[in-house]
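K.L.:
Got a structure for you, written out below as structure tokens; questions coming shortly.
The values are calculated or read from the model by the stated rules, or taken from the named source; none is laboratory data. Note that the structure is predicted; figures quoted are calculated from it, not measured. FYI the Cβ positions are ideal-geometry reconstructions off the backbone, even for glycines, and counts take in every protein chain you see. The area values use the complete protein model at the heavy-atom level, side chains included, leaving out ligands, DNA and RNA. Shrake-Rupley method; radii C 1.70, N 1.55, O 1.52, S 1.80 Å.
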Amino acid sequence: MFELSLAEARAALRARKLSARELTTAYLGAVEQLNPQLNAYITTTPELALTHADAADASLARGEHGALTGIPLAIKDLFATKGVRTTAASKILAPFIPPYESTVTANLLRDGAVFLGKANLDEFAMGSSNMTSAFGAVTNPWKRAGSNTPLVPGGSSGGSAAAVAARIALGATATDTGGSIRQPAAFCGIAGIKPTYGRCSRWGVVAFASSLDQAGPVARTVEDCAILLGSMAGFDAKDSTSADIAVPDFAAACARGVKGLRIGVPKEYRMDGMAPEIDALWQQGLAWLRDAGATIVDVSLPHTKYGLATYYIVAPAEASSNLARYDGVRYGARSPGRDLIEMYENTRADGFGAEVKRRIMIGTYVLSAGYYDAYYLKAQKVRALILRDFTEAFEKVDALLTPTAPSAAFGQGEKMDDPVTMYLNDIFTVPVNMAGLPGLSVPAGLDAAGLPLGLQIIGRPFDEETVFAVGAAIERAAGFTARPSIRAEG
Amino acid sequence: MSLDPAAIRRIARLARIRVDDAQVQQMQGELNTILGWIDQLNEVDVTGIEPLTGGATMAMRLREDAVTVPDLTEAVLSNAPDRDGPFYTVPKVVE
């Protein structure tokens, strides 16, 4: 049962070969068995899941179904869920029980999904390893061959990706501000798409950097991601940056093939010191697409190397502003103080972890009087140049193919000595957020230690269909059948 | 440019985060590493480039300035760390 993809489970549910209660019960059992090892969930909601499952069975019995009726999912603990604690993996939100439902999760519930619980993440989605969660690290279900070293699942959507890879969720919601869907998907051997900025509503998603944040799905196949995104996406008047654009049939696009498409290879993504296996996999991916009828075209994105430095001005600046709301007054935790200012300072000192504080401090500094032009305004101009690079490239090609991350999953505690070393993980993913484009990571191969590696497909704004078509072609050619050592079976 | 301990304290004060001496020292090292790395942007010529402010190139939508939700006082206050009837409470501001 755990080897069924979301699309296959959906077909079995509709054919009444499997009930939603059976499927949900099996997944809840797997969560109970494996979550103590993985820590992929912060909160589990078994009773709620069974209520959702019984409602799904009742509709299926009437011959009715939505896009996801009876499908058990993990929800990143950054999406507000009505009546279910939503922590953003921060101490400061540990007591928070939202009285409302985010638009994305409301869309999933409308379509009949079953919620198993809230997935772990880096605190406020700030991190690339899931090591910054106030609720503990997440362990990647994959191990290096012959080694028991616990590896990171990537971040920030590390719990979502680990849960899907270990088969303790059939799919999951995630969010991506600088790579937080695609890098953990690559590290855990699954697929994940960050759609175009504006495709999914941000309403009810705990804000990190509002001009970069986008919700998207992670799942075991490209088609499963397409099904989930079709449900999550759509115009929402409650988000002023939500795009009023029709949601196409993403799943249908997976079968299109790549014949006649022009695929760009950005030369600036060939980095010194990149693992040779990753370069080899990239070349293999291009060969697969060429064999399937695509034309490969060299392109240049000259400002790629400045993407990360730009990101580490823009994202902390927006975060320092967004996180100003955690003041110990309206919701979340409060630490006492003799006066109002001391109460604020104690609340925020006790409630935020080290990485969140670092980013708030950087953001406060780059926005402060006298430094705004030198840092923030400069970064916004470089951001415009990054977008221009992509716009010019997309005059010549239909999509770009790159590696997702410069390495496979690393050990828990590695790359922690210096914040910049950790930031470099997102070098291939950050420019996509800066330009607001869709990006999909597809598992395409293994490194010498047997760990999964991903390839990234980048598309034009609101052209997720081409991205899915290319991603599905890579997936078919790669025939990725490797499985993590920790996973539910049966 | 490099931040000294006084600058770290000033930023922490602006950000409303209490810091002790050990944290000031640690943050000084970390923040200066990050800012030193960010300084690579000085190489980029941005003459005549308009800043890109948002994630989307489309214009912001305007809406009618009208009340769109019913009275949600109880829901809004349900997560308050401390309250008094329909009010949030904070430590005394005026002596």
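K.L.:
Can you give the calculated 222 nm mean residue ellipticity of chain A, where each DSSP H run of n ≥ 4 adds -39,500 (n - 2.57) and the sum is split over every residue, rounded to the nearest 500 deg cm²/dmol?
P.N.:
Value at 222 nm, helices only, nearest 500: -11500 deg cm²/dmol.
K.L.:
Among the trypsin sites (Lys or Arg not before Pro) in the range A:297-334, which ones are in a DSSP loop with at most 12 other Cβ atoms within 10 Å of the Cβ? Mind listing them?
P.N.:
none
K.L.:
In whole Hz and in residue order, list the ³J(HN,Hα) couplings for the range A:31-37 that follow from phi through the Karplus curve 6.51 cos²θ - 1.76 cosθ + 1.60, θ = phi - 60°; x for Gly and Pro.
P.N.:
Calculated HN-Hα couplings, in order: 4, 4, 6, 9, 4, x, 7 Hz.
K.L.:
For a Förster distance of 25 Å, can you work out the FRET efficiency between the beta-carbons of B:I49 and A:K267, rounded to the nearest 0.05?
P.N.:
Using R0 = 25 Å, I get an efficiency of 0.65.
K.L.:
While we're on this one: To the nearest Å, what is the center-to-center distance of the range A:355-392 and the range A:253-274, using C-alpha atoms only?
P.N.:
29 Å
K.L.:
With contacts defined as alpha carbon pairs under 8 Å and 6 or more residues apart, what's the relative contact order of the range A:363-434 in percent?
P.N.:
For the range A:363-434, the relative contact order is 29 percent.
K.L.:
Compare B:M60, A:M232 by solvent-accessible area with a 1.4 Å probe and give them largest first, with all protein chains kept in place.
P.N.:
So, going from the largest accessible area down, we get B:M60, A:M232.
K.L.:
Projecting each Cα onto the charge dipole of chain A (Lys/Arg +1, Asp/Glu -1 at the beta carbon, about the Cα centre), which of A:T364, A:L377, A:W142 comes out farthest on the positive side?
P.N.:
Towards the positive end, the residue furthest out is A:W142.
K.L.:
If you don't mind, there's one more thing I want to ask. Apply 1/(1 + (r/R0)^6) to the Cβ-Cβ distance of A:E392 and A:A237, taking R0 = 25 Å, and write down the FRET efficiency to the nearest 0.05.
P.N.:
In this case the efficiency is close to 0.15.
K.L.:
For chain B, with only Lys/Arg (+1) and Asp/Glu (-1) charged at the beta-carbon, what is the dipole magnitude about the Cα centre, in debye rounded to 20?
P.N.:
With only Lys, Arg, Asp and Glu charged at Cβ, the dipole is about 200 debye.
K.L.:
Rounded if a/c is under 1.5, else prolate if a/b beats b/c, else oblate: with a ≥ b ≥ c from the C-alpha gyration tensor eigenvalues square-rooted, which is the range B:7-95?
P.N.:
Note, shape of the range B:7-95 comes out oblate.
K.L.:
Other chains near B:35-47: what is the mean number of their Cβ atoms within 10 Å of each residue's Cβ?
P.N.:
Average per residue, whole number: 6.
K.L.:
For B:I49, what charge total do you get from the other residues with a beta carbon under 15 Å from its beta carbon, if Lys and Arg give +1 and Asp and Glu give -1?
P.N.:
-2
K.L.:
Quick check: the distance between the Cα centres of the range A:407-442 and the range A:50-65, to the nearest angstrom?
P.N.:
Distance between centres, Cα-based: 40 Å.
K.L.:
Based on the alpha-carbon gyration tensor of chain A and its eigenvalue square roots a ≥ b ≥ c, which shape applies: rounded if a/c is under 1.5, prolate if not and a/b is larger than b/c, or oblate?
P.N.:
Here chain A falls in the rounded category.
K.L.:
Let me ask another. Let me check against my output: what whole-number percent is the relative contact order of chain A, with C-alpha pairs under 8 Å and at least 6 apart?
P.N.:
Value for chain A: 18 percent.
K.L.:
Sticking with this structure for a sec: If you take each beta carbon of peptide A:354-366 and count the beta carbons of other chains within 10 angstrom, what is the mean?
P.N.:
5
K.L.:
Distance check, please: which entries in A:K82/A:K381; A:K238/A:K396; A:K91/A:K415; A:K143/A:K415; A:K76/A:K238 exceed 29 angstrom between their Cα atoms?
P.N.:
Those over the limit are A:K82/A:K381; A:K238/A:K396.
K.L.:
Is the C-alpha gyration tensor of the range A:180-257 telling us rounded, prolate or oblate? Criteria: a/c under 1.5 is rounded; beyond that, a/b larger than b/c is prolate, otherwise oblate.
P.N.:
oblate
K.L.:
A further question follows. Restricting attention to the range A:388-490, which GluC sites (Glu not before Pro) occupy a DSSP loop and are surrounded by at most 16 other Cβ atoms within 10 Å?
P.N.:
Those that pass, being in a loop and sparsely packed, are A:E395, A:E414, A:E489.
K.L.:
Using a 10 Å cut-off around each Cβ of peptide A:342-352, what is the average number of partner chain Cβ atoms that fall inside?
P.N.:
Partner-chain Cβ atoms within 10 Å, mean over residues of A:342-352: 4.
K.L.:
Would you mind working out the magnitude of the charge dipole of chain A relative to its Cα centre, with +1 at each Lys and Arg C-beta and -1 at each Asp and Glu C-beta, to the nearest 20 Debye?
P.N.:
Using Cβ point charges on Lys, Arg, Asp and Glu, chain A gives about 220 debye.
K.L.:
Right, next: Roughly how compact is the range A:311-432, stated as its Cα Rg over 2.2 N^0.38 Å to two decimals?
P.N.:
The range A:311-432 yields a ratio of 1.37.
K.L.:
Please find the FRET efficiency linking A:R338 to A:E3, where r is the Cβ-Cβ separation and R0 is fixed at 60 Å, and quote it to the nearest 0.05.
P.N.:
0.50
K.L.:
Determine, for each peptide in A:19-29, A:166-176, the mean count of other beta carbons within 10 angstrom over its residues, then list the peptides with the highest first.
P.N.:
Ranked by mean Cβ neighbours within 10 Å, highest first: A:166-176, A:19-29.
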